[in-house]
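Notes for the one structure printed next.
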Amino acid sequence: MPILLYAVLCYHSEDVVMSWPAPREAAVMDRLAAVEEKLSKAGRLGPVAKLMPTTAAVTLRKDQDPPLIIDGPFAETKEQLLGFFIIECAGLPEAITAASELARANPGGAYEIRPVAVLRTNKVFQ
Amino acid sequence: MNDPAWLNAALTSARPQAIAALLRYFRDMDTAEEAYQEACLRALKNWTKHGPPRDPAAWLILVGRNAALDASRRHRKLQPLPTDEVLSDLDDAENPLVERLDSADYRDDLLRLLFVCCHPELPATQQIALALRIVSGLSVAQIARAFLVSESAMEQRITRAKACIAHANLQFETPGAAERSLRLETVATMIYLLFNEGYSATGDTAGMRFALCDEAIRLARLLLRLFAGEAEIIGLTALLLLQHSRSAARLDGNGQIVLMEDQDRSLWNRTMINEGLALIDKALRHAHTGPYQVQAAIAALHARAPSFSATDWPQIELLYATLEKLQPSPVVTLNRAVALAKVQGAAAALDLIEPLAGRLAGYFYFHGVKGALLRDLGRSEQARETYNRAIALANTAAEAAHIRSQLDRLMSDPAPTERPCK
C-alpha cells in the first residue's frame, strides 16, 4: 500500500480565534493533543505547527528583482492560514477521517486537505 | 454550529468593526450602540437557528442598520424593511452593499471609533474606560473591577465621558494623510495607557488587571492588521508583547514587584517574546525610528539576554540615548543612567542624574535609583537617607516594601565596593 503524506491546513478567522477566552483555548488544545497522540502512536504524525498571528508576517513578492517586501500576510481574506498538521495516510479517505477527528476536537473554520509532494525533514526541529 | 462559546467569540471579534461602521452610518454613538445591541439579540436567535453567517461583522452591520432604520420608519409610519430572517446568508443582492459598507471604509471607521474615545477633554482614565466599553464591549462591572472602583462610580464616569463625546464635533469625511497619522498617534497612546493601567498593577488584584494588558494587545493587533506598514504601530505591538511576556515573573506570591535582576527568566512567556522579536525585526526594516520601536528594541534586548548580568547594557544605553533625543524627559534620562551604571559604573550614572534632582524631587523611582548608586559607591549614609526619601514618596505598599528590603541589605552589608557589572 503506498504511503502518502497529507497536509491538513487550518483556516479560520484569526479575529474569532484570538477572541477565545483562555479556558476555551486550553480545552481545544487538550482535545487536539488527544487526537494527535493517537496519530503519533500509530506512527502517522509528522510536523504540527501553529503559526503566529498574521500581523507578524511579511510577504516577499518575487515577481520582480529585487523582490518587494510587504508587511502582512499574502492575501487579505476573511479566514487565514493559522497552522497545519502533516499526517501519513493510505489515501484520501483516511486523510478525511483524520481531519474529521481533528475537526471534532476543534470545530469552526475549515481544513484544507492537501497531499504533500515532497517533505524534507531537516534537523532544526530536533 | 450552535456552540454558545463560538457565538460569543464571533460577536466579540465582530464588535469593533460593526460598531465602527454603524457609527459612520448614524453619526451618533448612542444610535450606533443601540443598533449593534439589537443586531446581537437577533444574531443570538437567528444564528442558533440557521447557523452562523459567513461574515458575522457584515451581518451585524446590515441587520443593525436595518433595525435602527426600521425603528425610525415605524416611528414615521413608513414601510418596514425586510427582516433579518431572510438574511441567513449574505450571498445575495445585499452582498455588494455590505462589501461597500465594510472593505472601503473599515480602516478609517475603526480608527475613527478609537479616536472618538480619545477626546482631548477626557482624562486618560476616562478615554481608556470608554474604549473598553465601546470598542472592546466589556461590561461596566468588568471595567469597574479592573479599575478597582465601584460599579456605580464607573457607570457615572462612562456616562459623563459619553455625554462629552456626544457634543464633540466628529469628523466623518475620509481623513487626509496628516489627519490619519495624527489619529493613529493619539490612538496608539491610548492603547499604551490602557496597557500600563494593567501592567502597573500590584497586590492581590493584579491578576484581574492583567486582563487590561491582554485587551491592549488585542487592540494593538487589530490596529496593526489595518495599518500593516506603520512602523510605530508594529513597534507598539512588539513593546506590549515583550513587556507582558514578563508578567508571570514580575510579581511574587504576595503581588509584590520582583526586580528584573531577581526574576526567574524561565517564567517569561516565550511565545509572546518570539512574536515580539519577530515584530521588532519587521519594524526596524522600515528605518523610520520612533519611540515605541526604541522602547521595544530595549525590551527585546532584555528578552534575548540569558541573564541579567549578560544583558547588552552598552546597546541599551545607546537606545535610551536615542529615546532621549526622540522624546526628551527626565524619566528617560534616569533610565539611561541605570544602563550607564552597568557600562561605566555608578559614578558616571550619578553625574548624569544629579541635574535631574530638582525636576524629579518628588519622584519615587529617582530616589530609589540614586540610593542604589550611592550604595554601590560605598556612600552608605547618603544611600540610607535617599532610600528613606524614596519610602516617603512610594505610591504603593509594594514600592515601599521593595526599598525597605534594599535598606535591610544595606544594613547587613553596609559598604560594598563599586561593582560595574559589565
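Summary of values
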quantity	calculated
Global form of the protein assembly as shown, assessed from the alpha-carbon gyration tensor, a/c cut-off 1.5	oblate
Label-point separation, B:Ala177 to B:Ser380 (7 Å along Cα→Cβ), nm	6.4
Three-way shape call for the stretch B:210-354 based on the alpha-carbon gyration tensor, with the a/c threshold at 1.5	oblate
Summed side-chain charge close to B:Glu275 - residues other than B:Glu275 whose Cβ falls under 15 Å, Lys, Arg +1, Asp, Glu -1	+4
Separation between Cα centres of the stretch A:1-76 and the stretch B:234-265, rounded to whole Å	28
GluC sites (Glu not before Pro) restricted to the stretch B:167-244 and DSSP loop, no more than 12 other C-beta within 10 Å	B:Glu173
Cα gyration tensor category, rounded, prolate or oblate, for chain A with a/c compared to 1.5	oblate
In order through the stretch A:78-92: 3J(HN,Hα) via Karplus (6.51 cos²θ - 1.76 cosθ + 1.60), integer Hz, x for Gly, Pro	6, 10, 10, 6, 10, x, 7, 10, 10, 10, 8, 9, 6, x, 4
Projected label distance in nm at A:Lys62 and A:Ala33, using a 7 Å step from Cα toward the beta-carbon	3.7
Per-residue Cβ neighbour rank within 10 angstrom, fewest leading, B:Trp59, B:Trp313, B:Trp268	B:Trp268, B:Trp313, B:Trp59
Above-threshold pairs, the threshold being 26 Å between Cα atoms, out of A:Lys38/A:Lys123; B:Lys45/B:Lys162; A:Lys50/B:Lys282; A:Lys78/B:Lys282; B:Lys162/B:Lys282; A:Lys38/A:Lys78	B:Lys45/B:Lys162; B:Lys162/B:Lys282; A:Lys38/A:Lys78
B:Ser139 paired with B:Ser309, simple spin-label distance in nm, labels 7 Å along Cα-to-beta-carbon	5.2
Gaussian network model of chain A, Cα within-10 Å springs - most flexible of A:Ser40, A:Ser19, A:Ser100	A:Ser19
A:Glu88, A:Glu76 arranged by Cβ crowding within 10 Å, fewest neighbours leading	A:Glu76, A:Glu88
FRET E, pair B:Asn395, B:Arg285, Förster distance 60 Å, beta-carbon r, rounded to 0.05	0.95
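Each value in this text was obtained by applying a stated rule to the coordinates, not by laboratory testing. All values reported here derive from a predicted model rather than from experimental measurement. Every residue, glycine as well, gets a Cβ built from its backbone with ideal geometry; the counts of neighbours run over all protein chains shown.
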